[in-house]
Amino acid sequence: MDKELIINLQNNFNAISNILEDSNVEFWYARDLQKMLGYQSWDKFQNVIDKAQKACENSKIELSDHFRHVGKMVGLGFGASREIKDIVLTRYACYLIAQNGDSSKQEIAFAQTYFALQTRKQELIEQRIELENRLEARAKLRDSETELSKNIYERGVDNQGFGRIRSKGDSALFGGYNTQDMKNRLGVSKNRVLADFLPTVTITAKNLATEITNHNVKQKNLHGESSITDEHVGNNANVRKLLEDSGIKPEELPPSQDLQKLQRKVKSDEKKLIEESRLPKK
């Protein structure tokens, strides 16, 4: 998501925000948010709202503190008007809606970050979007490595064998440095996972190589540690070449901030968001 798009989306979302009278509480109308999030149909958007409300209830949070159903008069032309249903949404409610929306929409991806932050500073929004991208890449790698572990276990390789295969794959990706070597280079403790300290581009590279290995292990019906190791090493070597062609040597990239710490910060921010965005009691 480029900087110009972020600025445009930020301006659009700022333009539909409201401040509650006699309060500093910020809120949005669902009908306005629907358009900003790229939903043409109110019924489809209502489905997303329903999921968000369910998530709110599952978190043991009072629904009316963040979702308040109201009626709103709209003009029909020639002086006529009628009342339509709408919902007053707090920042936390909007955040839940974004979390339950179609993440392939750029508007949704932006909204997930925009509503997670109390600040409107562009640089902080950009930083948060980068963090969300890294968390998403890490989750995909976790899933692909879990699938690889399952695939090779079914083909006669135990957990220790999986560790050896992954380490040799890392060696091919990082120019001869295996998993432990890279931990030493980046100052990662022995009991932590290397991927939690890698930048997004490297996590994505590892995931691509692992996904190809998963595909080929099944397509070629590979069995045994030796043949699967050769496959995984070859895929990591090919991905490394792709990176090198773009001027990237993954072993030379500096470590990124510990993802576990960042995830704890995200949870802490969410708790603050819940408390600070509540609607006043009627």
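Derivation of every value follows stated rules applied to the coordinates shown; laboratory data play no part. Note that the coordinates shown come from a computational prediction; the quantities given were computed from them, not determined experimentally. Cβ coordinates were reconstructed from backbone atoms using ideal geometry, including for glycine residues, and neighbour counts include every protein chain displayed.
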(message) Students often forget the sequence filter, so: which aspartates and glutamates lie under 13 Å Cα-Cα from K206 once same-chain residues fewer than 8 apart are removed?
(response) D143, E145, D170, D196, E251
(request) Pick out which of E130, E83, E107 has the largest mean-square fluctuation in a Gaussian network model of the chain, springs linking Cα atoms closer than 10 Å. (result) E83
(request) Please tell me the relative contact order of the stretch 131-266 in percent, rounded to the nearest whole number, where contacts are Cα pairs under 8 Å and at least six residues apart. (result) 34
(request) Among V193, N159, P250, flag the residue with its Cα farthest along the positive direction of the charge dipole of the stretch 131-266, charges on Cβ as +1 for Lys/Arg and -1 for Asp/Glu. (result) V193
(request) Using +1 at the Cβ of each Lys and Arg and -1 at the Cβ of each Asp and Glu in the stretch 117-222, identify which of L131, Q180, I212 lies farthest towards the dipole's positive end. (result) Q180
(message) Let me check the size of the chain from its C-alpha atoms; what are the radius of gyration and Dmax in Å?
(response) 23.6, 79
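About the Cα centre of the chain, what is the dipole size in debye to 20, counting +1 per Lys and Arg Cβ and -1 per Asp and Glu Cβ, all else neutral? Write out the running numbers ahead of the final one.
Working: 44 positive and 41 negative charges, 98 e Å.
With Lys and Arg at +1 and Asp and Glu at -1, about 480 debye.
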(request) Rank these for me by crowding, C56, C94, going from fewest to most other beta carbons within 10 Å. (result) C56, C94
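For K265 and T200, calculate 0.36 nm times their separation in residues minus their Cα-Cα distance, and state this gained length in nm to one decimal.
21.6 nm
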(request) Quick one: of K60/K140; K54/K218; K121/K272, which pairs are farther than 27 Å apart, Cα to Cα? (result) K60/K140; K54/K218
(request) Express in whole angstrom the spacing between the alpha-carbon centres of the stretch 158-188 and the stretch 213-243. (result) 15
(request) Rounding to the nearest 20 debye, state how big the charge dipole of the stretch 131-266 is about its Cα centre with +1 on each Lys and Arg Cβ and -1 on each Asp and Glu Cβ. (result) 360
(message) Can you compute the modelled spin-label distance between D181 and D102, with each label point 7 Å from Cα toward Cβ, in nm?
(response) 4.6
(message) From the Cα trace of the stretch 131-266, what convex hull volume per residue do you get, rounded to a whole Å³?
(response) 102
(message) What distance in nm separates the two pseudo spin-label positions at K60 and S246, each 7 Å out from Cα along the beta-carbon direction?
(response) 4.4
(request) Run the quick spin-label model on D22 and S226: label points 7 Å from Cα toward the beta carbon, then report their separation in nm to one decimal. (result) 8.1
(message) Let me check I've understood the local charge: for T113, count other residues with C-beta under 10 angstrom from its C-beta, Lys and Arg +1, Asp and Glu -1. What total comes out?
(response) -2
